[in-house]
Every structure is written in structure tokens, then in C-alpha cells.
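The values are calculated or read from the model by the stated rules, or taken from the named source; none is laboratory data. None of the values given here were measured: they were computed from a predicted structure. Virtual Cβ from ideal backbone geometry, glycine too; neighbours counted across all protein chains shown. Areas reflect the complete protein model, heavy atoms only, side chains present, ligands, DNA and RNA absent. Shrake-Rupley method; radii C 1.70, N 1.55, O 1.52, S 1.80 Å.
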Amino acid sequence: MRLLNPANLPAIFVGDGLSDQYAVESADLVFAKDGLATYCDENSVEYISFNHLGEVAWLLDRWLVARVFTEGELEKRASA
């Protein structure tokens, strides 16, 4: 994941298996279920559990809306 993100932008990872374990170490936000959730629990990796990708899409949408609102508020305060 680090090689795919040379600008070091926030990285979000969604996974469900042990083969995903290496990617979570480089992610800023992790959505995990099944084997990956077990790995995260055992290795103290913070994650958000999910059952289906629709949940992930909904949560990401809420996160993006809140983030945009927060950045907008910061800009207003900076220019005041």
C-alpha cells in the first residue's frame, strides 16, 4: 500500500482474510471482518467491523461528509 500511495494521503483498507494482514499495517482506516478481524484483534490493530460492503460505503459517506464539514468550518474560522 505504501508503494501505491507516494503522496502519503490517508489510506483506507477493506478486507476479510489473513492475506490482507500486511496492508492493514499501512492503512489509516481499516474495515475488517472474518479472518482479518481476528488478526486485528490479536495484534492490536484498530478497525471497524462490517458485514457487507454496503455498510462500508455508508460509513465512508458519513465520514467524508463530516470531514468536509469540519474542513469548511476551519476555513471559515481562519478567514474570520
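Figure legend. Inter-residue proximity from the range 1-28: first residues within 16 Å of SER49 (Cβ to Cβ), second residues outside any loop (DSSP other than H, G, I, E, B) and open to solvent by 80 Å² or more (accessible area, probe 1.4 Å), beta-carbon distance below 8 Å, spacing 6+ or different chains. Indicated pairs: VAL14/LEU53; ASP16/ASP34; GLY17/ASP34.
Considering only residues in the range 14-40 that are open to solvent by 40 Å² or more (accessible area, probe 1.4 Å) and in a loop (DSSP other than H, G, I, E, B), the one that is farthest from LEU59 (Cα to Cα) turns out to be GLU25. Here is a list: LEU9, LEU36, LEU4. Which entry is modelled with pLDDT of 95 or more and among the aliphatic types (A, V, I, L, M)? Being modelled with pLDDT of 95 or more and among the aliphatic types (A, V, I, L, M) holds for just one of LEU9, LEU36, LEU4, which is LEU36.
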